[in-house]
Structures are given as C-alpha cells and as structure tokens.
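See structure below.
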Amino acid sequence: MPPLVTLLIYLLAGTAIGLLALLSRIPAAPLAGALLGAGLVSMSGKFEVASWPSGTRTILEIGIGTVIGTGLTRASFEQLQNLWRPAVLITVALVATGLVVGLWSSRLLGIDPVVALLGAAPGGISGMSLVGAEFGVGAAVAALHAVRLITVLLVLPLMVRLLTPISLNNS
C-alpha cells in the first residue's frame, strides 16, 4: 500500500475517534480519541507504520506548541508570580517521583532502564517519545505515555469533580 494511503488511513481513524470522543465531554477528548484511533490502527498490525512526509511532524509540533502558547496570557504571567513556589515544588516532586518509579519499574519488572525512566518521566507524549527516539526506544516510551495520558484524561477530571467542593465545580 502506498505510504500516503497508509497515512490517510491513520488520519481518518484518528479523526473519526477524535470526533466521536467529543461526545464524552472529557477534557482533551479529541486528543485522547485521536490517539486511541490511530493507536488501534497501528496496533492492529494490518498496516505499515505511518510515514510522515518530511517536515510534517515538525509543523504539527509547532502547531501544538502554538495552540498551548496562545493560552499563556499576561494574566497567566501575573498568576505565575504568585504560583512560582508551587510550580517549583510540583516540578521537583514530579521529576523525583518519575526517577524513583522509573528505576523501581526497571528493577522490579526487568524492563530497560532507559524505557522505564523516560516512560515514567512527567513530560508529554510527543516530547518524551522524541527523546526516546534519540535513545532508540521511542515506540516503547510512546506506548507507556499513551497509557498514562489516556488514563489521566479519563480519571483525573472525574477525581477533580469528586474531590473539589461543590462551589468550585459550579463556577
């Protein structure tokens, strides 16, 4: 099958499940749905791995970064002046926890320490997969982060609703 046809199949699966996920009303549903749709096609083994035209991945990463960056406003910066301490604490705690869980997983479960450390790192799926690819373990790292991302997107909003006071949920 021509590479562009294979890529189109992945895009259609990601788009279809991404749009279907909108009905779930979970945060970032299109992202999780697209990830699930393309992942299912890939894991089926019926199609070659999608081959992106040169530069496409970079353009998509720039687009995602731009979407996220547009949410950083002057108000965000002003909030950061009050939130820098929690930001530092959360960052240090997440990195330390990732290191501990990664090393523990490697020893306990016998997986490659590089896969375990990058898979347990608090970064996003695209960034950590790119770092993993530099070490030759990008697919394994992507798989671990995909499981984490989908789980977090499904479970965390529910936990926030259950654990925060009613007054915060209605604002």
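Counting helices only, and only those DSSP H runs with n ≥ 4, report the 222 nm mean residue ellipticity of the chain as the sum of -39,500 (n - 2.57) divided by its residues, in deg cm²/dmol to the nearest 500. Rounded to the nearest 500, it is -26000 deg cm²/dmol. If you look at the Cα atoms of the chain, you get an Rg and a Dmax of 18.3, 55 Å. Cα centroids of segment 71-126 and segment 147-161: 16 Å apart. Shown for the chain are the DSSP H helices of 15 Å or more along their axis, judged by Cα atoms, with a mean Kyte-Doolittle hydropathy of at least -1.0: 3-21, 29-44, 56-69, 74-109, 138-163. In segment 1-129, Cα pairs under 8 Å separated by at least six residues give a relative contact order of 16 percent. Inter-label distance, residue 4 to residue 99: 4.9 nm, where each label sits 7 Å from its Cα along the C-beta direction.
Principal axis extents of the C-alpha atoms in segment 33-133 (largest first, rounded to whole Å): 51, 38, 24. Once Rh for segment 85-171 is found with the Kirkwood sum over Cα pairs, what is the Stokes-Einstein diffusion coefficient at 37 °C and 0.692 mPa s, in µm²/s? It diffuses with D of about 230 µm²/s by this estimate. Taking Cα centre as origin and charging only the Cβ of basic (Lys, Arg, +1) and acidic (Asp, Glu, -1) residues, the dipole magnitude of the chain rounds to 360 debye. Given axes a ≥ b ≥ c from the Cα gyration tensor, I'd like to know whether segment 1-78 is rounded (a/c under 1.5), prolate (a/b larger than b/c) or oblate. Cα axes put segment 1-78 in the oblate bin.
No lab work stands behind these numbers, since they all come straight from the coordinates. Model, not experiment: these values are computed from the prediction. Here Cβ is always computed from backbone atoms with ideal geometry, including for glycine, and neighbour counts include all displayed protein chains.
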